[in-house]
Amino acid sequence: MNLKTFLLNFVFVYVLISLPSIVGIGYVIDWVPEATLFKQFKGYVIDGLLNNFVIKNVIAIIVGFVVTLIIFKRQQTK
């Protein structure tokens, strides 16, 4: 198995799972009048990536491993 393929799959799945949190579902920083651009960035992106960190990691590891294994098996059959 290729570590680079696994890491790329892991990052892709983790960001894909985090997208609902990043686009602001369930987060209301816009309604705060004193919110600066940095606070909004932190609120959406950083907190979106860190919400449910353990669950997202487990899912991303499992999916990344399975996809990497499938790619590896396809390369072996060629």
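A few notes on this one:
- Looking across the stretch 51-68, just one residue is open to solvent by less than 60 Å² (accessible area, probe 1.4 Å) and over 16 Å from the mean Cα position of the chain (by Cα), and that is 68.
- Within the stretch 12-36, the residues that satisfy the criterion of being at pLDDT 80 or above, among the hydrophobic types (A, V, I, L, M, F, W, C) and open to solvent by 50 Å² or more (accessible area, probe 1.4 Å) are 12, 15, 16, 17, 19, 23.
- Index of the failed condition, residue 56 passing every other in (1) charged (D, E, K, R); (2) modelled with pLDDT of 90 or more; (3) out of contact with any helix residue (DSSP H, G or I) (no Cβ under 9 Å at 6 or more places or on another chain): (3)
- Residue-level analysis places residue 48 outside the set of residues that are on the phi > 0 side of the Ramachandran plot, open to solvent by less than 80 Å² (accessible area, probe 1.4 Å) and either at pLDDT below 95 or among the hydroxyl-bearing types (Ser, Thr, Tyr) (or both).
The values are calculated or read from the model by the stated rules, or taken from the named source; none is laboratory data. These numbers were taken from a predicted model, which means no experiment stands behind them. Virtual Cβ from ideal backbone geometry, glycine too; neighbours counted across all protein chains shown. Areas reflect the complete protein model, heavy atoms only, side chains present, ligands, DNA and RNA absent. Shrake-Rupley method; radii C 1.70, N 1.55, O 1.52, S 1.80 Å.
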